[in-house]
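**Q** Have a look at this one before I ask anything.
The values are calculated or read from the model by the stated rules, or taken from the named source; none is laboratory data. Just so it is clear, the structure is predicted and the values come from calculations on it, not from any experiment. Quick reminder, even Gly has a Cβ in these numbers, built from the backbone with ideal geometry, and neighbours come from all protein chains shown. For the accessible areas, the whole protein counts, side chains as well, though only heavy atoms, and no ligand, DNA or RNA atoms are used. Shrake-Rupley method; radii C 1.70, N 1.55, O 1.52, S 1.80 Å.
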Amino acid sequence: MSLSIGIVGLPNVGKSTLFNALTRKGVPAENYPFCTIDPSVGIVAVPDDRLYKLAEFSKTQKTIPAAVEFVDIAGLVAGASKGEGLGNKFLSHIRETDAILEMVRIFAVSDGKESINHVYGEIDPLRDIKVINMELILADMETLEKRIGNLQKGVKSGDKASLVEDSACRKMLAALEAEKMANTVTLSDEESKAAKLLSLLTMKKFIYGLNKRSGGKNLDETDPQEFKRITNEIESYGSEWVVIDAKTEHELSDFEGEERAMMRTEIGQTDDGIDTLIKKSYKLLGLATYFTTGEKETRAWTIIAGSTAPVAAAAIHTDFQQKFIRAEVVFWSDLIESGSYANAKAKGLVKTEGKEYIVKDGDTIEFKI
């Protein structure tokens, strides 16, 4: 399965700078609002040391990591859902994504050396979050109101599917009218299936990117109490957050491997913000990774955590699920430590598993069909 994340935020909060760092794709990131006129899409490899250790172990000819698709749209402002500042035109481009990364700026307008304009003149992350979320709420309200109107013929005739969907829509609309996200609404299984087809923005999982600036005046350093209030608020939504220095990540994207790690150390950074972002996105969406490895190819596959072996096999090809017979499974580190597949098998570390086996994150699998 593929993973896609839409990036939203106010102008000049670091959205396109982060996108450039993620994809090395030359989208505009100048210091003025609405410079990203068209949506940009980039494919990013999921960082996973296990994959490359397996590739080295198998002396593989080709290594294919799991991937994340990032969709960058124009900066939103208040009124975007009604067409202000080009925002409305682009909200549709993130309706099909799995999650939303909301970039929020926590560095000051000026650090004494450089000034980066803020559309509202001053830094207030909770205000910015409220502005963006309200635009997403208003856009979803419009979608639901139209859908409820279209359902009424079926509702009046007693059509079961229409009744279920109408119920889901009305529950979510009531939440939105109370300025709550649709993902806070409790729905029945049938209602959830109907709601999913609507691709509502506020039904998605959210991760908040708190963008700081190296050497700047950052809220997590200048006002830790306020920063804690912000992260507590985000966690109350059931969302993840990550502190990321988009500008530094962009600058470091020109380097690879040990050179990149050395440059990061020289500027005093200990964490790879992009790696943390992707890993937290996986956690938020409840995803897991398994591997296939051999001389021709070593590859990482993304699945929903808790998937059975046949469902996991479908990530390779849908036919594999129907034709599944069994799976030969060995944990990635056990395989490497054994020195060879034959040794791992001799030690009893390779297990033959059937249709009920729940694939674990880090399993290396050979499917028999």
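**Q** Residues of segment 1-20 being in contact with a Phe, Trp or Tyr (Cβ under 8 Å, 6 or more places away or on another chain) and aliphatic (A, V, I, L, M), which ones?
**A** LEU3, ILE5, ILE7, LEU10
**Q** Would you please list the contacts, defined by Cβ atoms under 8 Å and residues six or more apart or on different chains, that run from a residue in segment 243-262 that is open to solvent by 70 Å² or more (accessible area, probe 1.4 Å) to a residue that is at pLDDT below 80 and of a type outside the set (Gly, Ala, Ser)?
**A** none
**Q** Can you go through GLY158, GLY154 and tell me which one is without any contact (Cβ under 8 Å) to a residue 60 or more places away in the chain, farther than 28 Å from MET134 by Cβ and part of a loop (DSSP other than H, G, I, E, B)?
**A** GLY158
**Q** With respect to ALA174, is the statement that it is aliphatic (A, V, I, L, M) and buried (at least 21 other Cβ atoms within 10 Å of the Cβ) true? Explain how you work it out, then say what you get.
**A** Values: aliphatic (A, V, I, L, M): yes; buried (at least 21 other Cβ atoms within 10 Å of the Cβ): no.
It is false that ALA174 is aliphatic (A, V, I, L, M) and buried (at least 21 other Cβ atoms within 10 Å of the Cβ).
**Q** Separate question: What are the residues in segment 77-100 that are crowded, with 18+ Cβ neighbours inside 10 Å, modelled with pLDDT under 85 and of a type in the set (Ser, Thr, Tyr), if any?
**A** Within segment 77-100, SER81 is the sole residue that qualifies.
Residue by residue, here is whether (1) among the small types (Gly, Ala, Ser); (2) closer than 29 Å to GLU258 by Cα; (3) modelled with pLDDT of 85 or more holds:
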position: ILE5; (1), (2), (3): no, yes, yes
position: SER16; (1), (2), (3): yes, yes, no
position: CYS35; (1), (2), (3): no, no, no
position: ILE43; (1), (2), (3): no, yes, no
position: GLY75; (1), (2), (3): yes, no, no
position: GLU102; (1), (2), (3): no, no, yes
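**Q** I need a count of the residues in segment 298-310 that are farther than 13 Å from ILE365 by Cα and not in a strand (DSSP E or B).
**A** 3
**Q** Sticking with this structure for a sec: Out of the residues in segment 320-330 that are out of contact with any Lys or Arg (no Cβ under 6 Å at 6 or more places or on another chain) and open to solvent by less than 70 Å² (accessible area, probe 1.4 Å), which is nearest to TYR290 (Cα to Cα)?
**A** This residue is VAL330.
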